[in-house]
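The values are calculated or read from the model by the stated rules, or taken from the named source; none is laboratory data. Nothing here was measured: the structure is a model prediction, and the numbers come from that model. Ideal geometry is used to build each Cβ from the backbone, glycine not excepted, and the neighbour counts take in all protein chains shown.
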Amino acid sequence: MEIKKAALLAELERNSVEKGLVIADSVPESVIGSVRECAELFRGSSIIKVAAGISPLNGLGEQLAYCRELLEAGDIAAVKLYTGHEKFFCTDAGLAPVFDMAEDFDVPVLFHTGWDDNEYSAPERMRALALSRPRSKFVYCHCFYPLAERCFGVLGDCGNVFFDTSSVADDESLIPALKPVFERAVSLMPERMIFGSDFGSCSQEAHIRFAKELKMSGSQRELFMHGNAERLYRF
């Protein structure tokens, strides 16, 4: 894990990225890094915040108890549910304790979205969840890639849903079609769009280049590149 930490920090420095969010996996044994590993690795860091991956399929009560400890200590800033990677829907009733905990600590809940297993967190399901939990803050990671236009069309008026652009620059052939979609989204929802790169799976440099090429005002760019993330994750 120390080698991965060094690689991440080197990548941030190489791309002039000052701070970032590391998202831990939802299983104890992971090449990405478990919640415990990531929380301990970046404890006290002024550069990195950690989001804890949670799985409702594997001892949810124990995971929630540990996450509460981490939240009380300030060791994590968010939690993530890997809908699609794991076979459960974002609207499953069993997730209520996760949302309750996040509301208690006023932290966001992130969701994996898009690609092939997209029905588990489809925009229509996320809309139903967002409307049923108005006090919750949800982050729709990857913007239902590659169907971002559907994502914004369905969720645009859900003020408690934020959009993380990680992985959207993964396929260069899709970028010409995606650029106007994201430019419009930033213009309509400047306070809900968050730059992301999904480093480790995708190129951070490519995502920064994609962000630089998007047409937006100076104030919108400030929010998109760092302001919204600073506010949401309390950097």
Ser203 fails exactly one of (1) farther than 22 Å from Ala78 by Cα; (2) modelled with pLDDT of 95 or more; (3) of a type in the set (S, T, N, Q), namely (2)
Here the residues within segment 184-214 that are within 16 Å of Cys151 (Cα to Cα), in a helix (DSSP H, G or I) and not charged (D, E, K, R) are Ala185, Val186, Ser187, Leu188
_Looking for something farther than 12 Å from Phe163 by Cβ, aliphatic (A, V, I, L, M) and surrounded by fewer than 16 Cβ atoms within 10 Å (Cβ to Cβ) - is there at least one such residue anywhere in segment 123-133?_
yes
Within segment 106-148, residues being in a helix (DSSP H, G or I), of a type in the set (Phe, Trp, Tyr) and over 15 Å from the mean Cα position of the chain (by Cα) number 1
- Message: For segment 83-100, check the following and say yes or no: at least one residue is assigned to a loop (DSSP other than H, G, I, E, B), crowded, with 20+ Cβ neighbours inside 10 Å and in contact with a Ser or Thr (Cβ under 9 Å, 6 or more places away or on another chain).
- Response: yes
Restricting segment 15-41 to residues that are touching a helix residue (DSSP H, G or I) at 6+ places or on another chain (Cβ under 8 Å) and assigned to a helix (DSSP H, G or I), the one surrounded by the most Cβ atoms within 10 Å (Cβ to Cβ) turns out to be Val35
For segment 215-226 the number of residues that are part of a helix (DSSP H, G or I) and in contact with an Asp or Glu (Cβ under 8 Å, 6 or more places away or on another chain) is 2
If we ask which residues in segment 149-168 are within 15 Å of the chain's Cα centre (by Cα) and of a type in the set (Gly, Ala, Ser), their number turns out to be 2
